[in-house]
Every structure is written in structure tokens, then in C-alpha cells.
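Asker: One structure, pasted below without further comment.
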Amino acid sequence: MTIDLEELVAGANAPLTDVEMNRTVGTESPRFELYHFAFSLCSQKVRACLAEKNAGYIAHDINLQMPQLGNYDPGYVRLRLAARSGAGFATGYTGRSSVGTEGFDPAVVPTLVDHEAGMVIVDSVAICRHIDQVTQMQGALVAPDLADDVARELAIVDATPHVAVLYGAHPDMDFRPERLRKGMAGVHDRKIQKIKTAREMVLAEPALIAAYDAKIAKEEAGRDYVATPDLMRASVNQIVSIVADLETRFADQREWICGDRFTLSDVVWAVSLFRLKWLGMSFLWEGGHQLNAKSQPRVEAYTARLFERPAFRAAAVDWPGIARSDHVSEHYDV
Ligand SMILES: N[C@@H](CCC(=O)N[C@@H](CS)C(=O)NCC(=O)O)C(=O)O
């Protein structure tokens with residue numbers, strides 16, 4: 001099927017009229033348009049990658065929380081469907097957001113349009129890889145000799161159940177910031193309501209109806225998942241293990257996760273570890289906690305190196321509109 005990319009982009013951009021929420025980063029007339037959300041983990045990975053590469057782009061902030069349809073808007077979903085690579089729709093829920101394990105979600109951020117290549121790209125890992133390949137501004141984030149190591153780390157971060165610990169509470173202890181805790185009550189039902197509103201607008205388009213129906217099924221599964229104590233307990237335990245394993249890979253005193261060179265793996269680890277700290281999970285490396293006794297000092301030292309990176313800070317700490325958390329207050333300048 002041939003697609004008219006510019007028409008799809010125009011359709012996605014039509015409701016995005018707020019100047020503050022649609023701004024150009026870096027060069028004028030950049031080749032990329034990024035549809036993202038300030039707080040979204042996957043968006044932060046992509047923004048950090050763009051910043052590491054010093055690449056310009058138009059940043060369309062799709063506010064996932066406002067009463068507007070945002071990421072459920074038919075124009076935006078049509079754009080994402082143009083990138084579908086053959087992966088089936090995600091309809092279940094495991095607390096992760098990897099396309100590899102969950103399937104394709106037609107109504108999430110981020111989405112990248114590369115005007116020069118004439119492509120729509122979805123999935124943060126695929127987007128970062130693409131940006132790295134087509135931009136020459138700065139050094140490669142995936143050097144050929146490190147490709148396997150980088151891929152292994154990207155897969156580990158992708159398989160971390162970040163979504164579970166954002167939307168759901170550990171049954172014995174909700175360590176998340178209070179504001180988030182309150183905001184998440186009933187969130188899946190609110191999302192489903194919005195998706196149904198969007199679905200009503202496209203009854204004559206079977207491809208969109210299928211996309212919205214899959215998304216509704218996924219959100220219903222998500223609602224059940226976060227209400228199941230054993231699943232939530234297992235998600236936290238999984239993250240405890242992932243961080244303990246990470247510690248072992250630093251046994252040889254390496255500076256970055258793949259050795260002495262900073263790679264795309266470090267970009268995504270920074271975003272992941274900061275999110276875990278933001279949520280109140282620094283006990284993962286500090287230890288001495290009811291949910292994790294053992295400290296992981298090499299991971300802690302790694303977080304200090306990562307969180308100081310200017311590109312990371314610009315994308316995931318200082319980017320306007322990111323909700324604040326007392327758990328990371330020492331990382332804010334003001
Ligand atoms: N595998 C995708 C996952 C994207 C994803 O789950 N995005 C979340 C934010 S990090 C989202 O847009 N959620 C909004 C929703 O489900 O309504 C990626 O890495 O880009």
C-alpha cells in the first residue's frame with residue numbers, strides 16, 4: 001500500500017495548535033517530527049537519543065492526560081498504523097511495553113516521522129536505532145563491534161515492567177509519589193472511555209476500529225493486572241533481579257554498560273533507572289529495604305554518571321512539563 005506521508009502528518013498535526021506544545025528543537029526545518037509526551041519513559045529515551053546526537057526535530061507534545069483525545073486521536077492513530085511492521089496488535093498486558101513481547105500498540109507515544117527517508121517509525125528502540133543510523137552529527141551510539149552487546153542491554157531494559165510499577169502499587173507498600181498514586185486510581189477506565197469516544201468517530205474505517213478494539217482489550221487487561229497482588233509483587237521482584245544482574249556486569253569496573261564507550265544502551269538505562277528512582281525505588285541499589293536488602297554500589301555509581309549527562313538531563317529531567325517527584329529532588333537545579 002502506498003501512503004501519502006504528508007497527508008497523514010497533516011491529519012495528525014491538525015489538532016496540535018498550541019505553540020508551546022509544538023516547538024522546534026535545534027535546527028530550523030528539521031528532518032524529524034517527534035510525537036511524544038514529556039513524562040513518557042519511551043519518549044524520554046528518544047529525546048535523550050536525539051540530544052546525544054545533537055539532532056534537530058519538531059517536538060509535538062501529545063498530552064496523554066488532558067481531556068483531549070491526545071494519543072487516541074484518529075489522525076494520530078492513522079499515522080502510527082502507517083508504520084505497522086507486521087507485528088500483531090497488543091491486546092494483553094504484562095506490565096511491559098516492548099513491541100517484541102507485547103505486540104504493536106496503535107495508540108501510544110512516541111512516533112517519529114523522518115521526512116527525508118519518507119518513513120513513520122514506531123517503538124522507541126527502533127526509533128533510536130534509526131536516528132543513530134541516519135544522523136552523522138556525533139559519534140555512533142551503536143558501533144558495529146558492540147552491536148550484540150547493545151542489543152542485549154536494550155532488550156533487558158525493554159523487558160523491565162516499568163508500566164506495572166507506574167500504574168500499579170506493590171500490595172504491601174505503595175512507594176510511589178502520593179500525587180501519582182491518587183492520579184492512577186481508575187485510570188484504565190478513564191482511558192477506555194476516551195478510546196471509545198475516538199472509536200465512535202471512525203465507524204466507517206475498519207482498520208481504525210480494529211486498532212481501538214485492541215487498545216480497549218489491552219487497557220482492560222491492564223486494569224486486571226494492577227489489581228492482582230501476586231502479579232504486582234512479581235513485577236517488583238523482577239526489577240529487583242534485573243538491577244542485581246546489572247550490578248554483576250560492572251564487576252570489571254567498566255565505565256559504561258558495554259565497556260569504555262557510551263552507547264545507546266546507556267541512553268536507555270539512564271531513563272529506566274531515573275524512572276525507578278522517581279517512583280521511589282532507589283532501594284533497588286541502596287538496599288536495606290523491606291523489598292530489597294542488598295545494596296548494589298556499582299549500579300548506584302553508574303546512576304550518578306548517567307544522571308549527570310547533559311543530554312539525559314535535557315530530555316528527562318529538565319524537559320518542560322515532566323511531573324516532579326521528591327524522590328529525585330537532588331537532581332533538580334531549581
Ligand atoms: N514499545 C513502545 C511503547 C510505547 C508506550 O507504551 N508508550 C506509553 C508511554 S511510555 C504510552 O503512550 N501510553 C499511553 C497509553 O497507553 O494510553 C515504545 O517503546 O515506543
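Asker: Are there any pairs, at least 6 apart or on different chains, whose C-beta atoms fall under 6 Å, with the first in the range 178-189 and assigned by TED's automatic domain parsing to the domain that holds M281 and the second part of a helix (DSSP H, G or I) and surrounded by 12 or more Cβ atoms within 10 Å (Cβ to Cβ), and if so, which?
Answerer: Final answer for the pair search is M184/Y167; H188/E219; H188/G222; H188/R223.
Asker: To continue, here is another question. Search the range 108-129 for residues that are assigned by TED's automatic domain parsing to the domain that holds Q44 and pair each with any residue that is part of a helix (DSSP H, G or I) and open to solvent by 30 Å² or more (accessible area, probe 1.4 Å) when their beta-carbon atoms are under 7 Å apart and the residues are at least 6 apart or on different chains.
Answerer: D114/V134; A117/V134; D123/V99
Asker: From the list F283, F274, F307, exactly one residue is open to solvent by less than 60 Å² (accessible area, probe 1.4 Å) and in contact with a Lys or Arg (Cβ under 9 Å, 6 or more places away or on another chain). Which is it?
Answerer: The match here is F307.
Asker: If the requirement is being small (G, A, S), surrounded by 21 or more Cβ atoms within 10 Å (Cβ to Cβ), at negative phi and in contact with a Lys or Arg (Cβ under 8 Å, 6 or more places away or on another chain), which of these qualifies: A315, A244?
Answerer: Of the residues listed, the single one that is small (G, A, S), surrounded by 21 or more Cβ atoms within 10 Å (Cβ to Cβ), at negative phi and in contact with a Lys or Arg (Cβ under 8 Å, 6 or more places away or on another chain) is A315.
Asker: What residue, of V142, V122, is touching a helix residue (DSSP H, G or I) at 6+ places or on another chain (Cβ under 6 Å), away from the ligand (no atom under 16 Å from the Cβ) and open to solvent by less than 40 Å² (accessible area, probe 1.4 Å)?
Answerer: Residue meeting the stated conditions: V142.
Asker: Taking the residues in the range 318-334 that are under 17 Å from A48 (Cβ atoms) and part of a helix (DSSP H, G or I) as candidates, determine which candidate is most open to solvent (accessible area, probe 1.4 Å).
Answerer: Going through the qualifying residues, I end up with H331.
Asker: Regarding I195, is this residue in contact with a Phe, Trp or Tyr (Cβ under 6 Å, 6 or more places away or on another chain) and assigned to a helix (DSSP H, G or I)?
Answerer: Considered against the rule, which asks whether it is in contact with a Phe, Trp or Tyr (Cβ under 6 Å, 6 or more places away or on another chain) and assigned to a helix (DSSP H, G or I), I195 comes out as yes.
Asker: Output the residues belonging to the range 135-166 that are at pLDDT below 95 and of a type in the set (V, I, T).
Answerer: Within the range 135-166, T135 is the sole residue that qualifies.
Rundown of residues vs (1) open to solvent by 30 Å² or more (accessible area, probe 1.4 Å); (2) out of contact with any helix residue (DSSP H, G or I) (no Cβ under 9 Å at 6 or more places or on another chain); (3) charged (D, E, K, R); (4) within 16 Å of the ligand (Cβ to nearest atom), yes/no style:
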site: V202; (1), (2), (3), (4): no, no, no, no
site: P206; (1), (2), (3), (4): yes, yes, no, no
site: E220; (1), (2), (3), (4): yes, no, yes, yes
site: P229; (1), (2), (3), (4): yes, yes, no, no
site: M232; (1), (2), (3), (4): no, no, no, no
site: G259; (1), (2), (3), (4): no, no, no, no
site: T263; (1), (2), (3), (4): no, no, no, no
site: W269; (1), (2), (3), (4): no, no, no, yes
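Asker: Separate question: Got at least one residue in the range 81-93 being more than 13 Å from the ligand (Cβ to nearest atom), open to solvent by less than 20 Å² (accessible area, probe 1.4 Å), not in a loop (DSSP other than H, G, I, E, B) and not assigned by TED's automatic domain parsing to the domain that holds T160?
Answerer: The answer is no, given that none of the residues of the range 81-93 is more than 13 Å from the ligand (Cβ to nearest atom), open to solvent by less than 20 Å² (accessible area, probe 1.4 Å), not in a loop (DSSP other than H, G, I, E, B) and not assigned by TED's automatic domain parsing to the domain that holds T160.
Asker: Turning to a different aspect of this structure: Please state which one of A55, A51 is small (G, A, S) and within 16 Å of the chain's Cα centre (by Cα).
Answerer: A51
Conditions (1) surrounded by 21 or more Cβ atoms within 10 Å (Cβ to Cβ); (2) under 16 Å from D114 (Cα atoms), marked per residue:
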position	(1), (2)
G26	no, yes
L34	yes, yes
F37	yes, no
Q44	yes, no
C49	yes, yes
A55	yes, yes
H60	yes, yes
M66	no, no
P74	no, no
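Asker: Still on this structure, please answer the following. Looking at V271, V334, can you tell me which residue is modelled with pLDDT under 95 and not charged (D, E, K, R)? I'd like the intermediate steps shown before the answer.
Answerer: On the way: V271 fails: modelled with pLDDT under 95.
After applying the criteria, what remains is V334.
Asker: Working only within the range 144-177, note down all residues that are closer than 27 Å to C258 by Cβ, of a type outside the set (S, T, N, Q) and outside any helix (DSSP H, G or I).
Answerer: A159, P161
Asker: What tally of residues in the range 238-255 results from selecting those that are of a type outside the set (D, E, K, R) and either free of Cβ contacts under 8 Å to residues at least 24 places away in the same chain or more than 22 Å from H162 (Cα to Cα) (or both)?
Answerer: Residues flagged as of a type outside the set (D, E, K, R) and either free of Cβ contacts under 8 Å to residues at least 24 places away in the same chain or more than 22 Å from H162 (Cα to Cα) (or both) within the range 238-255 amount to 5.
Asker: Sticking with this structure for a sec: Just checking: which of the strands (runs of 3 or more DSSP E) contained wholly in the range 1-64 hold 3 or more residues that are away from the ligand (no atom under 16 Å from the Cβ) and in contact (Cβ under 8 Å) with a residue 60 or more places away in the chain?
Answerer: Here the list is empty.
Asker: Looking at the range 277-289, can you tell me whether even one residue there is farther than 17 Å from Q238 by Cα and either β-branched (V, I, T) or without any contact (Cβ under 8 Å) to a residue 24 or more places away in the chain (or both)?
Answerer: First, pick out the residues of the range 277-289 that are farther than 17 Å from Q238 by Cα: 278, 288.
Imposing the further condition that a residue be either β-branched (V, I, T) or without any contact (Cβ under 8 Å) to a residue 24 or more places away in the chain (or both) reduces the set to 288.
Yes - at least one qualifying residue is present in the range 277-289.
The values are calculated or read from the model by the stated rules, or taken from the named source; none is laboratory data. Source: prediction; values computed, not measured. When we count neighbours, we look across all protein chains shown, and the Cβ atoms used for this are built from the backbone with ideal geometry, even at glycine. Side chains included, ligands, DNA and RNA excluded: accessible areas come from the protein's heavy atoms. Shrake-Rupley method; radii C 1.70, N 1.55, O 1.52, S 1.80 Å.
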